[in-house]
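See structure below.
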Amino acid sequence: RWSSTLEEAWELVSTLRSNRDATLEIEAAGSEVALELDRFRMVQVFRILLENSLAACTDPVRIRVWLESGVVSPSDSVRIVFEDNGPGLSAEAKRHIFEPFFTTKTKGTGLGMAIALRLVDAHAGRIAWVETNERGARFEITLPGTRSV
């Protein structure tokens, strides 16, 4: 299950969540889709996105994640969407978010999103920042998938 991979990543950021009002909402729609993925690497991708949301958002932090199936055609693709209630991305961050060593954090290395991009690429997928009319940041990961019977 893709959601158990997300739950594992959420546990890995528990120290960043301690003493914070932070909630992860996982929407189960699309759970009928089977994904062939390297669990360890996708946990890393999910952890990077969760860490960034926790760093960017002030309390209460609300992170919502859902899966949409059949985005390219009915059976060959899934999209995992991460959305938070933070300030969103600056114009500079929008231009450079996936570049190595670009960071908006005082103690960041700037490698997180560059690593996430490479790991998603290794799954024959795509990761992208998406403009929304809402406040916050939204990232979409599109991966090849097949429907379970």
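Ignoring ligands, DNA and RNA, what percent of the 1.4 Å accessible area of the chain is carbon and sulfur?
On the way: 4190 of 8320 Å².
Carbon-and-sulfur percentage of accessible area, whole number: 50.
Pull out the extension gain between residue 81 and residue 111, defined as 0.36 nm times the separation in residues minus the alpha carbon to alpha carbon distance; nm, one decimal.
On the way: separation 30, 0.36 × 30 = 10.80 nm, distance 2.08 nm.
Full-extension gain reported as 8.7 nm.
Taking every DSSP beta bridge with both residues inside the chain, roughly what % is antiparallel (nearest 5)?
Values: 20 of 26 bridges.
So the antiparallel bridges amount to about 75 percent of the total.
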| Once mean projected area of the Cα convex hull in nm² is worked out from the coordinates, which option in (i) 8.7; (ii) 8.0; (iii) 10.2 does it equal? | (i)
| query | Extension gain residue 122-residue 39, at 0.36 nm per residue separation less the Cα-Cα distance, in nm? | reply | 28.6 nm
| Per-residue ellipticity at 222 nm for the chain, helices alone: DSSP H runs ≥ 4 residues times -39500 (n - 2.57), over residue total, nearest 500 deg cm²/dmol? | -10000 deg cm²/dmol
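Rolling a 1.4 angstrom probe over the protein heavy atoms, how many square angstrom per residue are accessible across the chain? Let's see the in-between values first.
Working: 8320 Å² over 149 residues.
Accessible area per residue, the chain: 56 Å².
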| query | Between residue 3 and residue 19, what is the label-to-label distance in nm when each label sits 7 Å out along the Cα-to-Cβ direction? | reply | 3.2 nm
| field | residue 61 long-range amide H proximity, modeled H, under 5 Å | value | 21, 22, 23
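The values are calculated or read from the model by the stated rules, or taken from the named source; none is laboratory data. Model, not experiment: these values are computed from the prediction. All Cβ positions, even for glycine, are placed from backbone atoms using ideal geometry, and neighbour counts span all protein chains on display. The protein model used for the area step is the full one, side chains on, heavy atoms only, and it has no ligands, DNA or RNA in it. Shrake-Rupley method; radii C 1.70, N 1.55, O 1.52, S 1.80 Å.
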